[in-house]
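Working notes, structure below.
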Amino acid sequence: MTDIKEIVYKLGPGCELEDVQEGNVYVGTVQGFANFGTFVMLNNSVKGLVHKSNAITQHQERTDILVMVAQVRPNGNIDLREVVLDDYSTKLVSRQVKTTRLSDLGQKIGRRVTIEGELGQVKQTSGPTIFTILDETGTENAAAFVEAGVRAYPEANTGDIVQISGEVMKRNNQLQIEVSSLHRLDGDEADIVRKRIVESLDQKSEPEDIPFLVESEVLTKLRPEMRKLAKIIRRAVFTQQPIILRHHADADGISAAAAVETAVVALIREHVSDSDSDYYLFKRSPSKAPFYEIEDITRDLDFMLKDSVRFGQKLPLILLMDNGSTEEDMPAYKVAQVYDLDIVVCDHHHPDEIVDSFLKAHVNPYHVGGDFGLTAGMIGTELARMINPAVERQIRHLPAIAGVGDRSDSPEIPQYLALVADEYPIEDCKKIALALDYEQFWLRFNDGREIVKDILNLNKNPIRHKRLVTLLVEEALAAIAEQVKTLMPHVESRTLSSGAHLFIADVEMYAHRFTFPPPGKTSGEIHDILCKKYEGEPVVTLGLGPDFAVLRSRGVMMNIPVMVRELREEISGGGVNGGGHLVVGSIKFVEGMRGEVIDKLIAKISLAPVA
C-alpha cells in the first residue's frame, strides 16, 4: 500500500487573498524580519506573518519556507505557522485571469485590470517607479510605489514579459495603471505573450506600399531595402527603442535627417503615451566628419548608457544618413559591436562591402547600379514617407533642396523640383540649402532642432522662415565673396598630361580660417568659378591645408576612395585616409608628408581618363 503524501500548495501568479484557504500548507518565500516575527510572501502579491512564537527554524531572506495558514483576518492580514515536512507533494494553485488589452484601457478608468506584456522601459522617479509596458495593441505606463525614490519590483527589468494588475487612472490627462501587483512570466506563459506581441508588431511595423514621389529606376530597385529599413525604424518606435540619427552636416544630410525626424517624431507622438517621449526616444546629431567616427560613437555611447542606467531604456538603434557606407566608419562600428548595437545606413557615398556585416540594413544607390546623383535627401524623404505617410505634405520639398544643395544632375532632380515649383522655385531651394550650410557651420555639431525646422519651413511659420533664410543667405554670400576675393589671386594653375586643368588653392595660408565658408565649401566655390571660366573643359580643383586636401572634379573620371587606398599603401608613414564620392571628396595625411602625398595624388589625377 502506497503512503499518501501531504499536499503543499504553491500560490501561482495572479492569485490573490481570496485564493488562500485556512488550514492549507503553502510554500512561501521569506521577505524580511521584524521583532515580532517573519514576513512571508506566498506569491508576488500575497503576504503573511509567522509570529515568532510560531517559528520553528532559522531562515534567511529569499529562502523557501513551509507555512500553514492559521487565520485570514477580516482586514486581510494572514496569520501563518511554520511547519516542517519530510515528504510532500506540491500542487500549484492557479487562477484564470481575464486580461485587458492596452488599447481598451480608456474604457476601464477607475476599474481594476490585469495586463500582460513586455517592459519597454523602467524609470525610477523621486516618487514611484514607472513601468512602460507594451502589448500587441500599444504602450502605456504603470506606476508602482514602495516609498519615495525606492525601486519597486526590482526583479523586473526592460525586456521581461510581465503580468501587471492595478487600477486604471488618469494622471495629467494621460492613462496610467496604479500597480497593486507585478510579476514576471516565465516559460510557456512568457512565450505565448511574446509570440503574440512579435506577430502583431511584425504586421504593424510593415510600411505601407506607396508610390514614390517621382519616376526613378534606381529608387524602384532600392525599394525592397528601403522597406526593410523603414520596418526596422517603425518597429523601434513601437517597442520604445530609442533612435539616434547621425548625419552629414551639409544641406543634403540635414534634409535627409530632417525628413526622417519629422516622420519618426510624429509616429512617436501618435503611439507613445508620454508627452515628452520624442525627446528621450529620438536624438538627431550631425557627425563631425563625413563618416561615423570614434568621437561620434563615444558621445553616443556615453549618452545611451547613462539613459539605460538612469531610465531603464533599451540600447538604441543607430541610424546613419548621408554617411556610414565606407571603411572609414569601421572603427566606430567595431565599438558598437561590443555593445550589440543595431546599426542601419541610408547613404549615397560609394560603398565598401566590408561594412555590410555590421549593418542590419544598408540603403545605397550604388548597390543597384545608381550613383551619388540620387542624394541622401531624396532617398531619406522617400524613406520618411514609408515610415509615416501622414507627413508627406510637410517634407515633399526637401528632396529638391537636397538635390540643388548637393549639385545633383540625376534624372530625379528635375522631377523633384517640378513637384514643388509653385511653392519652392529652384532659386528658393538654392537659398534654403545655402542657409542650412551657413547655419550648421555656426551650430558646429549641435542639432539646432528648431532653427533647422524654421529654415526648412517645417515649423509652419512661413513669415519667419522667409525672414530667416533671407538674412542667412545675405550673410553667407557676403562671407563667400570675401573668402573668394582673398583666395583667388593665390590659386595656382597647371595643365595635366591628360589635358585637364588643375587648380591648387591653399585654403589654410591664403583664406580666412575658423569662419564661413570652411575649407571644403571654399574649394567648391573656387571650383565653380573656374568651371564657368573654362566651360566645357575638364577641371580639377585641389583645396590644400597643412594635413588635408579637398578634391572637386568636372570631366575627370577619378575614383577618390581607390586613390586613398593606393596612397595609403604606397606612402609609408603618410597616415593617408579619407574618401567621399568618386569625384568629390577629401584626403587626410600627416603634415610632414604633405609634399610627397600631394605629388603622388596629382600623378594619379593625371592618369584618370577625361570625359
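Taking the listed residues 368, 309, the one that is out of contact with any strand residue (DSSP E or B) (no Cβ under 7 Å at 6 or more places or on another chain) and at pLDDT below 95 is 309, with no other qualifying.
Residue 36 meets each of the listed conditions (1) in contact with a His (Cβ under 7 Å, 6 or more places away or on another chain); (2) under 27 Å from residue 114 (Cβ atoms); (3) free of Cβ contacts under 8 Å to residues at least 24 places away in the same chain apart from (2).
Does at least one position in segment 122-143 carry a residue that is among the aliphatic types (A, V, I, L, M), without any contact (Cβ under 8 Å) to a residue 60 or more places away in the chain, in contact with a strand residue (DSSP E or B) (Cβ under 9 Å, 6 or more places away or on another chain) and over 17 Å from residue 314 (Cα atoms)?
First, pick out the residues of segment 122-143 that are among the aliphatic types (A, V, I, L, M): 122, 130, 133-134, 142-143.
Filter once more, so that each one left must be without any contact (Cβ under 8 Å) to a residue 60 or more places away in the chain: 130, 133, 142-143.
So of that shortlist, the ones also in contact with a strand residue (DSSP E or B) (Cβ under 9 Å, 6 or more places away or on another chain) come out as 130, 133, 142-143.
Narrowing further to those that are over 17 Å from residue 314 (Cα atoms): 142-143.
For segment 122-143, residues among the aliphatic types (A, V, I, L, M), without any contact (Cβ under 8 Å) to a residue 60 or more places away in the chain, in contact with a strand residue (DSSP E or B) (Cβ under 9 Å, 6 or more places away or on another chain) and over 17 Å from residue 314 (Cα atoms): present.
Looking across 77, 44, 24, 35, one residue alone is open to solvent by less than 50 Å² (accessible area, probe 1.4 Å) and among the polar types (S, T, N, Q). It is 24.
This table checks each residue for (1) outside any loop (DSSP other than H, G, I, E, B); (2) touching a strand residue (DSSP E or B) at 6+ places or on another chain (Cβ under 9 Å).
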| residue | (1), (2) |
| --- | --- |
| 550 | yes, yes |
| 564 | yes, yes |
| 572 | no, no |
| 582 | no, yes |
| 594 | yes, yes |
| 599 | yes, no |
| 603 | yes, no |
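Flag set for residue 149, criterion: part of a loop (DSSP other than H, G, I, E, B), among the small types (Gly, Ala, Ser) and either open to solvent by less than 50 Å² (accessible area, probe 1.4 Å) or farther than 22 Å from residue 16 by Cα (or both). Among the residues in segment 410-423, are any touching a residue at least 24 places away in the same chain (Cβ under 8 Å), outside any helix (DSSP H, G or I), surrounded by 21 or more Cβ atoms within 10 Å (Cβ to Cβ) and over 24 Å from the mean Cα position of the chain (by Cα)? Yes, segment 410-423 contains a residue that is touching a residue at least 24 places away in the same chain (Cβ under 8 Å), outside any helix (DSSP H, G or I), surrounded by 21 or more Cβ atoms within 10 Å (Cβ to Cβ) and over 24 Å from the mean Cα position of the chain (by Cα). Within the set 485, 466, the sole residue that is surrounded by fewer than 18 Cβ atoms within 10 Å (Cβ to Cβ), closer than 21 Å to residue 399 by Cβ and at pLDDT 95 or above turns out to be 466. Identify, please: which residue in segment 81-110 is modelled with pLDDT under 90 and touching a Ser or Thr at 6+ places or on another chain (Cβ under 9 Å) and is, among those, most open to solvent (accessible area, probe 1.4 Å)? So, considering only residues that are modelled with pLDDT under 90 and touching a Ser or Thr at 6+ places or on another chain (Cβ under 9 Å), the one most open to solvent (accessible area, probe 1.4 Å) is 98.
Within segment 202-216, can you find the residues that are farther than 15 Å from residue 387 by Cβ, touching a residue at least 40 places away in the same chain (Cβ under 8 Å) and either touching an Asp or Glu at 6+ places or on another chain (Cβ under 7 Å) or not in a loop (DSSP other than H, G, I, E, B) (or both)? I'd like the intermediate steps shown before the answer.
Step one: list which residues in segment 202-216 are farther than 15 Å from residue 387 by Cβ, which gives 202-203, 211, 214-216.
From what is left, the residues that are touching a residue at least 40 places away in the same chain (Cβ under 8 Å) are 214-216.
Passing the criteria: 214, 216.
Scanning segment 43-82 for residues that are farther than 15 Å from residue 18 by Cα and among the hydroxyl-bearing types (Ser, Thr, Tyr) turns up 53, 57, 63. Restricted to segment 562-611, and to residues there that are among the acidic types (Asp, Glu) and under 36 Å from the mean Cα position of the chain (by Cα), the residue that is farthest from residue 349 (Cα to Cα) is 569.
The values are calculated or read from the model by the stated rules, or taken from the named source; none is laboratory data. Since the model is a prediction, treat every value here as computed from it, not as a measurement. Every residue, glycine among them, receives a Cβ derived from its backbone with ideal geometry; neighbour counts consider all protein chains shown. With ligands, DNA and RNA removed, areas are computed over all heavy atoms of the protein, side chains included. Shrake-Rupley method; radii C 1.70, N 1.55, O 1.52, S 1.80 Å.
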